[in-house]
1. Among the numbered criteria (1) open to solvent by 50 Å² or more (accessible area, probe 1.4 Å); (2) over 18 Å from the mean Cα position of the chain (by Cα), which one does LEU277 miss?
2. Could you check segment 101-146 and list, in sequence order, the residues that are part of a loop (DSSP other than H, G, I, E, B), within 16 Å of LEU158 (Cβ to Cβ) and open to solvent by 10 Å² or more (accessible area, probe 1.4 Å)?
3. Any residue in segment 222-240 that is on the phi < 0 side of the Ramachandran plot sitting within a Cβ distance under 8 Å of a residue that is among the polar types (S, T, N, Q) and open to solvent by 40 Å² or more (accessible area, probe 1.4 Å)? List the pairs, counting only those 6 or more apart or interchain.
4. Could you please let me know if ALA82 is at negative phi, in contact with a strand residue (DSSP E or B) (Cβ under 7 Å, 6 or more places away or on another chain), open to solvent by less than 50 Å² (accessible area, probe 1.4 Å) and not in a strand (DSSP E or B)?
5. When the residues of segment 58-79 are narrowed to those that are touching a residue at least 40 places away in the same chain (Cβ under 8 Å) and in a strand (DSSP E or B), which ends up farthest from GLY278 (Cα to Cα)?
6. Please verify whether segment 19-37 includes one or more residues that are of a type in the set (Lys, Arg) and at pLDDT 95 or above.
7. Only one of (1) modelled with pLDDT of 95 or more; (2) open to solvent by 40 Å² or more (accessible area, probe 1.4 Å); (3) part of a loop (DSSP other than H, G, I, E, B) is not met by GLY92, so which one is it?
8. What is the residue count in segment 29-57 for residues that are open to solvent by less than 30 Å² (accessible area, probe 1.4 Å), in a strand (DSSP E or B) and more than 22 Å from ILE126 (Cα to Cα)?
Amino acid sequence: MRIAVIGAGAIGGFFGARLAAAGQDVVFLARGATLSTLRSRGLVLSGAHELTLPVTAGDDPAEIGPVDVVLVCTKTFQVADAATAYLPGLMGPQTLVVSTQNGLQAPYVLADAVGRDHVAPGICRIWSQLLSPGVIHVSEGPQSLVVGTWEGNASPVLSAFRQALREAGVHTVDCHNIWTELWNKVVHVVPQGAVGALLDLPLGQLLDHHRSLLGRCVTEIATVGRAQGAELPEDIVEQTLTFLADQDPTSTTSFQRDITAGRPSELDAQIGAIPGLGDEVGVDTPVCDVIAETLGVHAARGR
């Protein structure tokens, strides 16, 4: 398959490298120091997955032309600009544009740009961190990318992409309700990032000393998800805390790291989106309200 990856950071770099190493025709769209590094030294994965790989990279989608799949791996607040800059030159009649961002906003932004029929919402689970341009550290844990079409219907391109992921050693499943899967990811990821950023603590300390706060945040988000139509299991809170307990206790989310470093963050797409989504369906979210408000103040001061 011809696959274009927009963004060669911790997410795009990892999945793009695995697909390229498995023989897929992958090209990375990047700029600045990242583009220079990819062209001169390629991509390096370290940690739980070791790989050094020469890759194809460019900054002009017109030179690449239409592809089968576009993996959009930017931050959420960069998706709209990436869609405008890159997608027109990459789209063909059957091209699928796969979102990988946490939260629920990115698929809608991409649908505004190319239409829902071309958008395949995705959920990635990987503990990875960009150390420097072209260098990504991968921690122990899940390495998966689950993708589904907007309405859950079959697509030949999607079937081929799922097979390409499997051949690359990336776990995936055939998913017919991608929105429930997206909410499941929100429930697992957003509370850790939000409470971790609020307290500036890694996962292990959140579970050891602030489990009640973390659990209340999980509960509120799951309640909103169910009211929004997600088919979440009744024991989702216990499932989430058990899953987190099996992860690296020193880990933090990229959202948490961005907030604490004063960088632009996905606040509006993650914990900042929960109060409004709750209001839409009549669900009160007092814990999320306070966390979102407090982090909003921290983010403004950081800027």
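The values are calculated or read from the model by the stated rules, or taken from the named source; none is laboratory data. Nothing here was measured: the structure is a model prediction, and the numbers come from that model. Every residue, glycine among them, receives a Cβ derived from its backbone with ideal geometry; neighbour counts consider all protein chains shown. We work out accessible area using only protein heavy atoms, side chains counted, and drop any ligands, DNA or RNA first. Shrake-Rupley method; radii C 1.70, N 1.55, O 1.52, S 1.80 Å.
1. Of the numbered conditions (1) open to solvent by 50 Å² or more (accessible area, probe 1.4 Å); (2) over 18 Å from the mean Cα position of the chain (by Cα), the odd one out for LEU277 is (1).
2. GLY115
3. GLU231/ASN177; PRO233/GLN239; VAL237/THR219
4. On the way: at negative phi: yes; in contact with a strand residue (DSSP E or B) (Cβ under 7 Å, 6 or more places away or on another chain): yes; open to solvent by less than 50 Å² (accessible area, probe 1.4 Å): yes; not in a strand (DSSP E or B): yes.
Answer is yes for this residue.
5. Filtering first and then ranking leaves VAL69.
6. To start, the set of residues in segment 19-37 that are of a type in the set (Lys, Arg) comprises 31.
Cutting the leftovers down to at pLDDT 95 or above gives us none.
No.
7. Every condition holds for GLY92 apart from (2).
8. The number of residues fulfilling the criteria is 1.
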